[in-house]
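J.: One structure coming up, written as structure tokens, with questions to follow.
The values are calculated or read from the model by the stated rules, or taken from the named source; none is laboratory data. Keep in mind the model is a prediction, meaning the values are calculated, not measured. All Cβ positions, glycine included, derive from the backbone under ideal geometry; neighbour counts span all protein chains shown. Just the protein is used for accessible areas: all its heavy atoms, side chains included, with ligands, DNA and RNA removed. Shrake-Rupley method; radii C 1.70, N 1.55, O 1.52, S 1.80 Å.
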Amino acid sequence: QESIELEGLVREVLPDQNFRVELENGHTILCYAKGKMAKFRIRVLVGDRVTVEVSPYDFSRGRITYRHKLGDPPRPVRR
């Protein structure tokens, strides 16, 4: 099954590696950090621009897959 990749901004850091992310289209969803991000201790803070994978079945939750660096151009879309 294919997931939908969207970009957003972290608005709130919640306990247990959960985040509230505001997407570019204005919707706010609850996200968790991908396992590799926790493994390599990649910190996600309020105000960070992130790439989120959302399941086509549940648009209210997602998984953060990438944290963009400041001044980093947008990542190309995989097809």
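J.: Of the residues that make up the stretch 49-57, is at least one open to solvent by less than 90 Å² (accessible area, probe 1.4 Å) and free of Cβ contacts under 8 Å to residues at least 40 places away in the same chain?
T.: So far as the stretch 49-57 goes, no, none of its residues is open to solvent by less than 90 Å² (accessible area, probe 1.4 Å) and free of Cβ contacts under 8 Å to residues at least 40 places away in the same chain.
J.: So, in the stretch 13-22, of the ones that are open to solvent by 80 Å² or more (accessible area, probe 1.4 Å) and not polar (S, T, N, Q), which residue ends up modelled with the lowest pLDDT?
T.: Restricting to residues being open to solvent by 80 Å² or more (accessible area, probe 1.4 Å) and not polar (S, T, N, Q), the top hit is D16.
J.: If E7 passes every condition in (1) open to solvent by less than 80 Å² (accessible area, probe 1.4 Å); (2) without any contact (Cβ under 8 Å) to a residue 60 or more places away in the chain; (3) charged (D, E, K, R) but one, which one does it miss?
T.: The one condition E7 does not meet is (2).
J.: Can you work out which of the residues in the stretch 35-48 that are modelled with pLDDT of 90 or more and open to solvent by less than 80 Å² (accessible area, probe 1.4 Å) is nearest to L6 (Cα to Cα)?
T.: Only one residue tops the list, namely D48.
J.: Would it be correct to say that N25 is modelled with pLDDT of 90 or more, surrounded by 12 or more Cβ atoms within 10 Å (Cβ to Cβ) and either in contact with an Asp or Glu (Cβ under 7 Å, 6 or more places away or on another chain) or over 18 Å from E2 (Cβ atoms) (or both)?
T.: no
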